[in-house]
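Q: First the structure, then my questions, so here it is.
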Amino acid sequence: MSDNGKAKRATTSEVRADGAEFDVAIVGGGPAGLSASIWLSRYLHRVLLVDSGDPRNWETRGINGFLGHPEIRPSELRGIGRDEARRHGVVLVDAMCETVAKIDDDTFELTLHGGEVRRARRLLLAIGLKDVWPAIPGLEQVYGTTAHVCPDCDGHECRDKKVVVIGHGRKAVGMALNLTTWTREIIICTNGEPDELDLAEYCEKLDALNIPVLHAPITCIKHSGAHIHSLDFQDGMSLDADKIFLAVAQYPADDLGAQLDCERDAGGHIIVDEAYHTSVMNCFAAGDIVPGPQLAIAAASDGAIAALAIHKSLVPDARKLEKLEMAEY
């Protein structure tokens, strides 16, 4: 860093609260956390990014729809983002954040695995979600190439292919209907679970689109490398398939939002306002952990918007104009 850059960093550090080593601590190093860290460092804030190194989409072979990076692998995108963050002065720590506590409105304390403690004036939770995988032999080998969880991300690649949706209830029906954008060869398999098709609308729409529902448990997925050949069932049936989509449950990657008593919805997502501010003062959240589309490009956008709001919250009142009253008509 140039001497001028060092001087700017020093000036920024002078306005930090006593005892807070960082202006902002970010937990989670996916697209949301990395995007936020880069934007915040460009505002000359001292930024800490804590990443456990266990991303949800690590097995995915390619991220689709990320502008300028067609089919980039998650590891590649993270690598590029981490390198850019380092160049801007972000402090990257590869560790699990075990606990987080709010000391006061201007101080959060993070305890990392191993006992290391870091403090920051603002906190951004970009912790993401985890998927609940069914225990089916062969699934791990095909996940990310021919088995997916997101039709928005990977539906385009199943055009006119035979697709099996593994799941039950409203989630499976919704995914099957979504996939009709690209193919009409769709079968729902509940994998031994009750189908939970309790609303007449579910069966009516599935029947109208000729989407059958199979109930037998799946014993294995036969494959060559990462490519699916068929699904074998406990009743002896074998079903040819090209693609699998998993309509599975999800849960927060860790309980930091619960530790802080952030307001959450029924699915565990942290509820935020338009600036990605949570119900806890000066705590923000972005990415898959908040309600909305679970897309890498959306997570990166979340992180950028949250970063702008965090920066504004750190600017002293002496450097801001007061808001004008809206004119009444």
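Q: Calculate, for A258 and E196, the FRET efficiency according to 1/(1 + (r/R0)^6) with r their C-beta to C-beta distance and R0 22 Å; round to the nearest 0.05. List each step's numbers first, then the result.
A: Values: r = 27 Å, r/R0 = 1.23.
After rounding to 0.05, the efficiency reads 0.20.
Q: Another question, if that's okay. With volume of the Cα convex hull per residue in Å³ as the read-out, I listed (1) 149; (2) 126; (3) 186; which label goes with the value calculated from this structure?
A: (3)
Q: Sum -39500 (n - 2.57) across every DSSP H segment of at least 4 residues in the chain, then divide by the residue count to get the 222 nm mean residue ellipticity, nearest 500. Walk me through the numbers on the way to the answer.
A: On the way: 9 runs with 88 residues, N = 329.
Helix contribution divided over all residues of the chain: -8000 deg cm²/dmol.
Q: When the chain is fully extended, how far beyond the present Cα-Cα distance does T219 get from S75, taking 0.36 nm per residue of separation? Mind dumping the intermediate values first?
A: Working: separation 144, 0.36 × 144 = 51.84 nm, distance 3.12 nm.
Gain in length upon complete extension: 48.7 nm.
Q: Let me ask something else. Calculate the FRET efficiency for S238 and T181 from the Cβ-Cβ distance with a Förster distance of 30 Å, rounded to the nearest 0.05.
A: Details: r = 28 Å, r/R0 = 0.92.
Step by step, r from the Cβ atoms, then E = 0.60.
Q: Amide H neighbours of R46 under 5 Å, at least 5 residues apart or on other chains, H built in the peptide plane: list them.
A: The answer is D23, V24.
Q: Spelling out what I want: for every residue of segment 92-99, take phi, set θ = phi - 60°, compute 6.51 cos²θ - 1.76 cosθ + 1.60 (Karplus), and round to whole Hz; glycine and proline get x.
A: 3J(HN,Hα) across segment 92-99, in whole Hz: 9, 10, 8, 6, 8, 8, 7, 9.
Q: Turning to a different aspect of this structure: Could you give me the ³J(HN,Hα) list for segment 116-129, computed from phi with Karplus coefficients 6.51, -1.76, 1.60 and θ = phi - 60°, whole Hz, x at Gly and Pro?
A: Rounded to whole hertz, the list is 5, 10, 10, 10, 8, 7, 10, 10, 10, 9, 10, 7, x, 10.
Q: If I build a Gaussian network model for the chain, linking alpha-carbon pairs within less than 10 angstrom, which residue out of L123, L308, L48 has the largest mean-square fluctuation?
A: Ranking L123, L308, L48 by mean-square fluctuation puts L308 first.
Q: What is the set of long-range amide H partners of K130 at a cut-off below 5 Å, with H atoms built 1.01 Å from backbone N?
A: Hits under the 5 Å cutoff: Y251, A253.
Q: Related question: Counting alpha carbon pairs within less than 8 Å and at least 6 residues apart, what relative contact order, in whole percent, applies to the chain?
A: It comes to 20 percent, rounded to a whole number.
Q: OK, next. Need one number: nm distance between label points at A208 and K323, each 7 Å from Cα along Cα→Cβ, rounded to one decimal.
A: That separation, rounded to one decimal, is 4.4 nm.
Q: Could you list which residues have their amide H under 5 Å from that of I244, counting only those 5 or more apart in sequence or on another chain, with H placed in the peptide plane?
A: The answer is A147, H148, V164.
Q: Tell me the carbon and sulfur percent of the accessible area for segment 81-227, rounded to whole percent, probe radius 1.4 Å.
A: Working: 3430 of 6990 Å².
The value for segment 81-227 is 49 percent carbon and sulfur by accessible area.
Q: For V117 paired with E157, estimate the spin-label separation in nm (one decimal), with each label point 7 Å from Cα along the Cα-to-Cβ line.
A: With each label point 7 Å from Cα toward Cβ, the separation is 4.6 nm.
Q: Starting at the first residue of segment 275-284, write each ³J(HN,Hα) from the Karplus equation 6.51 cos²θ - 1.76 cosθ + 1.60 with θ = phi - 60°, in whole Hz, x for Gly and Pro.
A: 9, 6, 8, 7, 6, 9, 4, 6, 10, 10
Q: Lys and Arg at +1, Asp and Glu at -1: add these up for the other residues within a Cβ distance under 11 Å of V164 and post the number. Before the final figure, lay out each step's value.
A: Values: positive: K161, K162, K243; negative: E185, D240, D242.
Charge balance in the 11 Å sphere: 0.
Q: Where only protein heavy atoms count, and the probe is 1.4 Å, what is the accessible area per residue for the chain in Å²? Walk me through the intermediate numbers first.
A: On the way: 16640 Å² over 329 residues.
Counting only protein heavy atoms, the per-residue value for the chain is 51 Å².
The values are calculated or read from the model by the stated rules, or taken from the named source; none is laboratory data. Keep in mind that this is a model prediction, so the values were computed, not measured. Cβ sites come from the backbone with ideal geometry, for glycine too, and all protein chains shown count toward neighbours. Ligands, DNA and RNA are excluded from the accessible area calculation, which covers all protein heavy atoms including side chains. Shrake-Rupley method; radii C 1.70, N 1.55, O 1.52, S 1.80 Å.
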